Amino acid sequence: MSQSSLPAPRPAGPLKRYFIRYSVRFLASCYLRVGIEGLEHLPAAPPYVLNFNHPNWVDPFLVVGWWPRRHRFFILGPREEDMRVGWRNRLISWGRLAVPFKPSKSDLIDTTRRAMGVLNAGYALGIAGEGRLSDREGEIVPLQDGAAFFALRGRVPVVPLAISGTRWLRFGKRIRLRVGPPVEIGDRKANREGVAALSGELAATMERLLEGVQEEPPPGPIGRWLTELFADRPWLNEKPPDDADSAR
C-alpha cells in the first residue's frame, strides 16, 4: 500500500447497503419527486471524484438513494469532531458511508490519506465541493480546493452532479439530479496551479448544468420547517458591520 494512503473504509455489506438505499428512496419519495438524468456520462466504473452542489441538508441522502448501485462510493464528511453525536452522524457511521474529517482541520494529512485509500481501492469519493450550503437555487458557492486536489492526487476524473430543487422543500416538488460529463485532469499536477485550473473548469461545468434553474419563493410553514430542520447557515444571521466598526 502506498504511504500516501490509508486503507479505505470497509463498506457495508449488500443487505445493509440495500436497506439504506431503498429506505432513503422510500422516505424521500413520500414527500418529493426525485429524478436523475445524465447517467450515460458516468465512467464505466469508479474510481472517480463525485462533486455535487449543496443547497440543502438532504442532498447527500438523495445521492445515497439514487446513485447507481454498482458505483460504490463514500462521502467526505460530515464536519463533526465526534461522529457519535446526533442521529445523522450515527446513521452515516452505521452505514459506513463517510470519510469523516475534523472541522478544526487538525487531521488534513490523515483525511488526504483516507481519501486516497478510497480512490486506490476502486471506489468513488463524493464531495460537496462548495464546502457549505449554498443560499440560492441554481447558484453555486465558489468551490473549495478539495475535489480538484483529491482528483489530481489520485489521478482520476471528476464527475459533476448538479442538484436542483432542494433549496426549498415542499410536498410533491420535483428534484433533479443531473450528471454531467467527467472533467478530466489531463496533464495537470496536484499543485496550486493545477488545482486552481481544475477547480475553475469544474465550476464552469457545474454552472452549465444549473443553467435555467429558477429561484422559487419559500414554501409554507411545514416546507420551511423541513427545509431548515438541519440547515446550518449562520452567516445569514450575522449583522453586517456598521460604518463605525468598519473604520476601526
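Applying the criteria of a DSSP loop state and at most 15 other Cβ atoms within 10 Å to the chymotrypsin sites (Phe, Trp or Tyr not before Pro) of the range 1-81 yields no site.
At what distance in nm do the modelled label points of Asp232 and Ala204 sit from each other, each positioned 7 Å from its Cα along Cα→Cβ? Each label point is offset 7 Å from its Cα along the Cβ direction, giving 3.3 nm.
Taken along the Cα-to-beta-carbon direction at a fixed 7 Å, the label points for Arg33 and Gln214 span 1.6 nm.
Computed from the C-beta positions of Ala12 and Trp225 and an R0 of 35 Å, the FRET efficiency is 0.70 to the nearest 0.05. Full extension of the chain between Tyr22 and Glu40 gives 4.3 nm of extra length, using 0.36 nm per residue less the Cα-Cα distance.
Taking other C-beta atoms within 10 angstrom as a stand-in for reagent exposure, Ile109, Ile140, Ile127 fall in the order Ile109, Ile140, Ile127, fewest first. Counting neighbouring beta carbons within 10 Å and listing from fewest to most, the residues Arg155, Arg224 come out as Arg155, Arg224. A cut-off of 5 Å between modelled amide H atoms, ignoring neighbours fewer than 5 places along the same chain, links Ala98 with Ile75.
Any read-out appearing in this document is the output of simple, stated calculations on the displayed coordinates, not a laboratory observation. None of these values were measured; they are calculated from a predicted model. Heads up, the Cβs are rebuilt from the backbone with ideal geometry, glycines too, and the neighbour counts pull from every protein chain shown.
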